[in-house]
């Protein structure tokens, strides 16, 4: 038991016998079956698999935006499945950074405004929020685009802003769902370089879902899902 | 307050939709404020003058009473003063019925004594009382026709046909105090009943006797006492409070108030549906963004609050627009054809602060209720569901 706790404390992510079943039109559809996964802190892992294999669902469980049907999900020692909705939202705001395939920036906010958004939930002053947002934008190389709206940015730049938004709260873990899926090859390479730098220089644990073998090759390790089952587990 | 810029940015996202929704609420609040102001003016007319009674012919207010009744009414215990008053129906141009405005033949001394609302200086009152052809007019009337004290004018009555117009000299312009006596009409011309009586060969009679009483609580008893005096006579009387009389004259009975409120409620309900539909569309279009917000750690409750606040703010914008529109239109209503004739029965109509506040609250409530369903949608829908809809 003690040993288990120690392992959990060292793990960035630990999934124990996680199952996820959806109910659609009265039918139960198993999406993930008995998943066990251990991701050490500072790891950069790629989750791969065909469409419908459950990659995004697994990512959602790790990020605490969905709950497993059974099993437990521990992220940096926190039993995510045991948290209430409110506590889970608070935990997400502090502990997880999200990078979406389609960037999902808020169009009415500038780049800085988008990056500042997660900090709105913190007790920071407006000035402090702005400073942190600019720091995050500097890290992703877009400090000069702080006042630009998403429509004024290229896809690659939008994704950089999304990454800045993901890291601005200094979370333990970054989760990325096909972060290069909507980008041209050059922009995709830049984004992957950036993610590698975040992992290497800032020690961020990154879990990335991808179809792209080239993107996956940038990760330290790769996990494959097939029909809801983690291969080689 | 830190969320205000965020909410405003969302409202500014689609100007046409926000503008048209706010305009719909504005129309609703405009109607509410206008109708309620109208009702309030009517209510003001009904509740003022409780120490004054009006005695008229029981058959109709268009049938005169003998002049001699005045003295007998004055003998009823509790009666302080009696003043004859006839609506004159005077027109500036006999060929143009639209040139008619409000004018009364009054028994000036006692009438002015019981109506402190119409204010004259001692010198003005003396001048008026001393000139049988003299008349006094309100400021609005003076401004409308560019009349001033000393001017002469002619009016032809559509009630009292004498074959020639009546000549008047403006003795003074009476003042009103809308704070002490809200709703006092300053668009009336008053002249001497004695002039009317003599010009008509003493056939004019008296259409109404205004009776001032000492104690408002005795209004019912005194009314009965006056009517009992003339029971079984050729001209029986009907006495009521001035408020009741005004209500009957204005045709604005309780049913009309009910109708006005009914119209207001129906309009409000329609606008609510339109606004709710628009808000729902606006929120459903943003489901991905709402999913992102919740992913970033915005709790369902916070998202619900933000959508509600957006609705409330929209409602407040609309209400403010409606109020401004209401104030503007109420200002010009008296000058409009047809409607103006009715509105002029309630002079100095303006949106009272209480109705303005109620309008703002209703506007905000409309926005809140309209935002309720979309906000509950945003609150309840799971993040994965919101993101999957993208």
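Nearest 5 is fine: what % of DSSP beta bridges in chain A come out antiparallel, could you say? Write down the numbers at each step before the final one.
Values: 19 of 36 bridges.
Restricted to chain A, the bridges split so that about 55 percent are antiparallel.
Summing -39500 (n - 2.57) over the DSSP H runs of n ≥ 4 in chain B and dividing by its residue number, what mean residue ellipticity at 222 nm do you reach, to the nearest 500 deg cm²/dmol? Could the numbers behind the result be given before it?
Values: 15 runs with 209 residues, N = 390.
Here the helix-only value at 222 nm equals -17500 deg cm²/dmol.
Normalising by the residue count of chain B, find the relative contact order in percent from Cα pairs under 8 Å and 6+ residues apart. Walk me through the intermediate numbers first.
Details: 659 pairs, mean separation 107.8, N = 390.
In percent, rounded to a whole number, it is 28.
Measuring from label point to label point, each 7 Å out along Cα→Cβ, what is the residue B:202 to residue B:62 span in nm?
Taking the simple label geometry, residue B:202 and residue B:62 are separated by 2.7 nm.
Evaluate the relative contact order of segment B:5-100 (contact order divided by residue number), counting alpha-carbon pairs under 8 angstrom at least 6 apart; express in whole percent. Provide the component values of the computation, followed by the final result.
On the way: 25 pairs, mean separation 8.2, N = 96.
Relative contact order of segment B:5-100: 9 percent.
Using C-alpha positions alone, give me the convex hull volume of the protein assembly as shown per residue in cubic angstrom. Before the final figure, lay out each step's value.
On the way: hull volume 146.0 nm³, N = 623.
So the per-residue Cα hull volume is 234 Å³.
Apply the a/c threshold of 1.5 to the C-alpha gyration tensor of segment B:181-248 and tell me whether it is rounded, prolate or oblate.
It comes out oblate by the Cα gyration axes.
What distance in nm separates the simple spin-label points at residue B:354 and residue A:152, each placed 7 Å from Cα in the Cβ direction?
Those two pseudo-labels are separated by 5.2 nm.
How would you rank B:209-217, A:146-154, highest first, on the average number of other Cβ atoms within 10 Å across their residues?
Values: B:209-217: 18.6, A:146-154: 14.6.
Ranked by mean Cβ neighbours within 10 Å, highest first: B:209-217, A:146-154.
Relative contact order, percent, of segment A:1-157 when contacts are C-alpha pairs under 8 Å separated by at least 6 residues? Each step should come with its number before you reach the end.
Numbers: 187 pairs, mean separation 29.7, N = 157.
Computed value for segment A:1-157: 19 percent relative contact order.
Using Cα atoms only, what is the angle between the long axis of helix B:353-380 and the major principal axis of chain B, expressed in degrees (0 to 90) to the nearest 10?
20 degrees
In a Gaussian network model over chain A where Cα atoms closer than 10 Å are linked, find which of A:127, A:223, A:55 has the largest mean-square fluctuation.
Per the Cα network of chain A with a 10 Å cutoff, A:127 tops the list.
Looking at the protein assembly as shown, what % of its DSSP beta bridges pair antiparallel, to the nearest 5? Walk me through the intermediate numbers first.
Values: 50 of 76 bridges.
Taking every DSSP beta bridge with both residues in the protein assembly as shown, the antiparallel ones total about 65 percent.
Counting only other chains, and only Cβ atoms inside 10 Å, what mean value do you get across the residues of A:83-89? Please list the in-between numbers first.
Working: counts 0, 0, 4, 4, 1, 2, 12.
Per residue, the number of nearby Cβ atoms from other chains is 3 on average.
Which value does Rg/Rh take for chain A over its C-alpha atoms, Rh per Kirkwood?
Working: Rg = 17.6 Å, Rh = 18.1 Å.
Computed over Cα atoms, the ratio is 0.97.
Based only on the alpha carbon positions, what is the Kirkwood hydrodynamic radius of chain B, in angstrom? Before the final figure, lay out the partial values.
Details: mean 1/r = 0.0407 Å⁻¹.
Result for chain B, one decimal place: 24.6 Å.
As a test of the formula, what do you get for chain A when each DSSP H run with n ≥ 4 contributes -39,500 (n - 2.57) and the sum is divided by the residue count, at 222 nm and rounded to the nearest 500 deg cm²/dmol?
Values: 8 runs with 84 residues, N = 233.
Result for chain A, helices only: -11000 deg cm²/dmol.
Gain in length, residue A:94 to residue A:201, computed as 0.36 nm per residue apart minus the alpha-carbon separation, to one decimal in nm? Walk me through the numbers on the way to the answer.
Details: separation 107, 0.36 × 107 = 38.52 nm, distance 1.98 nm.
Computed gain between residue A:94 and residue A:201 is 36.5 nm.
Ranking request for peptides A:172-183, B:300-311, B:115-126: highest mean number of other beta-carbon atoms within 10 Å first, then the rest in descending order.
Values: A:172-183: 22.6, B:300-311: 21.1, B:115-126: 15.3.
Descending mean neighbour count gives A:172-183, B:300-311, B:115-126.
Based on the mean of other Cβ atoms within 10 Å per residue, sort peptides B:10-16, A:87-93 so the most packed one is first.
Working: B:10-16: 14.3, A:87-93: 19.7.
Highest to lowest by the protection proxy: A:87-93, B:10-16.
Treating the angle as unsigned and between 0 and 90°, give the value, to the nearest 10°, between the Cα long axis of helix B:15-47 and the longest Cα principal axis of chain B.
Taking the Cα atoms of chain B, the angle to B:15-47 is about 30 degrees.
Residues in segment B:159-176, backbone N under 16 Å from the label point at residue B:132 (7 Å along the Cα-to-beta-carbon vector): list them, ranges by number please.
Residues B:166-169 fall inside that zone.
When a/c is below 1.5 the answer is rounded, else prolate if a/b is larger than b/c, else oblate, so apply that to segment B:137-243 with a ≥ b ≥ c taken from the square roots of the Cα gyration tensor eigenvalues.
On the way: a/c = 3.32, a/b = 1.34, b/c = 2.49.
Oblate.
Place a point 7 Å from the Cα of residue B:324 along the Cα-to-Cβ direction; which residues of segment B:352-390 have their backbone N under 18 Å from it?
B:356-357, B:359-361, B:363-364
By its C-alpha gyration tensor, with a ≥ b ≥ c as the square roots of the eigenvalues, how is segment A:81-182 shaped: rounded for a/c under 1.5, else prolate for a/b larger than b/c, else oblate? Please report the intermediate quantities before stating the final value.
Values: a/c = 2.00, a/b = 1.28, b/c = 1.56.
Oblate shape, in that a/c is at least 1.5 and b/c is the bigger or equal ratio.
Select from A:199, A:114, A:104 the residue whose mean-square fluctuation is largest in a Gaussian network model of chain A (Cα-Cα springs shorter than 10 Å).
With Cα springs under 10 Å in chain A, the top fluctuation among A:199, A:114, A:104 is at A:104.
Under a crude label model (7 Å from the Cα following the beta-carbon direction), how far is residue B:376 from residue B:266 in nanometres?
Here the modelled spin labels are 2.8 nm apart.
To test your reading of the geometry: what angle, between 0 and 90 degrees and rounded to tens, separates the Cα axis of helix A:85-95 from the longest principal axis of chain A?
60 degrees
Read the figures in this text as sums done on the coordinates, not as results from a lab. The structure displayed is predicted, hence computed values, not measured ones. Backbone-built Cβ (ideal geometry, glycine too); neighbour counts: all protein chains shown.
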